[in-house]
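Quick notes on the structure that follows.
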Amino acid sequence: MTAGPSRGRRYVMLLLLLCGFSIILFRLVTLQVLQAAELTAKADRQHQKTVSFEGARGMVSDRHGKVLAMNVEVPSVFGVPTSLESPSTVARNLSPVLHIRSDELERKLRQDKSFVWLARKVEPEQGRRLEQLSLDGIGVVMEGRRFYPKGPLLAHVLGFSGMDGQGLEGLERRYDSHLHGEKRVTVLQRDALGRTVFPKGLAEQAPTPGHALTLTVDEVIQYIAEKELEEAVTHSRATIRSECRCRIDARSVAQSCLDRYVRARVDHESNGCGCGARRKSDDA
């Protein structure tokens, strides 16, 4: 008399187990097959970080090898907002060093991000002062900034490059593909706490720098031409729209000096010259 109810319970238990296994199997198929690509991409975003490295921009020199444009390593400041306990306090400490308003820094540090730029390519002294502060969640990396040792000399020919190292004007733009360094992408791993784990041998994987560019311009002749032309403009007090001086080497037919000097109209009624030269820097 007890066999009937007992057998019925066994059937019910067996049915429940089959339903449970079916649900688990369906869930496994959904995760492993139907949503595999989506979940894999999500896991990669959480545990991997893609960082791009660019080689130094090539050097520009005159016909005698004197440097006219080169790269120098300068510090750039970044923050990790997710690791900061008091963004307002950090912003107040950074403001006098970076010469940026504290409310602007605080706005960046309150973003829900794991990385934000605070100031790029600052002066070396600012980087040293920042390292002395030793603020948690604030770091410094070195980046290349374009530097012109001769100042405004040949500025209209050399041009300038942008913040990210791309040529924007002059020879910097014309030969950008030649001067631009190799760009290499590296995938870094993150641990369970979100900290970046740098792989061994990363220093040996540095990207290749850009090629050097040698001009036919002679720095000394160029300097003399610009100086003489500037003095002529200052003393003549005349209207000069554009003046160009060239020296051509008869043997190599090489252009050794190019001086394009543009001045605005001089006001004859004023005592001084109301005009000036302008040098566009790479931080523009």
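Structure notes:
- The range 52-79: number of residues that are touching a Ser or Thr at 6+ places or on another chain (Cβ under 6 Å) and at pLDDT below 85: 1
- Residue under evaluation E85, criteria (1) loosely packed, with under 13 Cβ neighbours inside 10 Å; (2) within 21 Å of G55 (Cβ to Cβ), criterion not met: (2)
- The range 90-126, subset in contact (Cβ under 8 Å) with a residue 40 or more places away in the chain and hydrophobic (A, V, I, L, M, F, W, C), residue nearest to E73 (Cα to Cα): V122
- Tallying residues that are closer than 23 Å to T89 by Cα and in a helix (DSSP H, G or I) within the range 113-132 yields 8.
- Residues of the range 200-221 that turn out to be at pLDDT below 65, under 22 Å from the mean Cα position of the chain (by Cα) and not polar (S, T, N, Q), as a count: 4
- Any helices (runs of 4 or more DSSP H) falling wholly within the range 133-181 and containing at least 1 residues that are among the polar types (S, T, N, Q): 176-179
- Selected residue (criterion: nearest to V72 (Cα to Cα)) from residues of the range 160-184 that are surrounded by fewer than 18 Cβ atoms within 10 Å (Cβ to Cβ) and polar (S, T, N, Q): Q166
- Top-ranked residue in the range 126-159 [being among the hydrophobic types (A, V, I, L, M, F, W, C), touching a Gly at 6+ places or on another chain (Cβ under 7 Å) and more than 30 Å from Y223 (Cα to Cα); ranked as surrounded by the most Cβ atoms within 10 Å (Cβ to Cβ)]: I138
The values are calculated or read from the model by the stated rules, or taken from the named source; none is laboratory data. Keep in mind it's a predicted model, so treat the numbers as computed, not measured. Don't worry about glycine lacking a Cβ; one is built from the backbone with ideal geometry, like all the others, and counts go over all protein chains shown.
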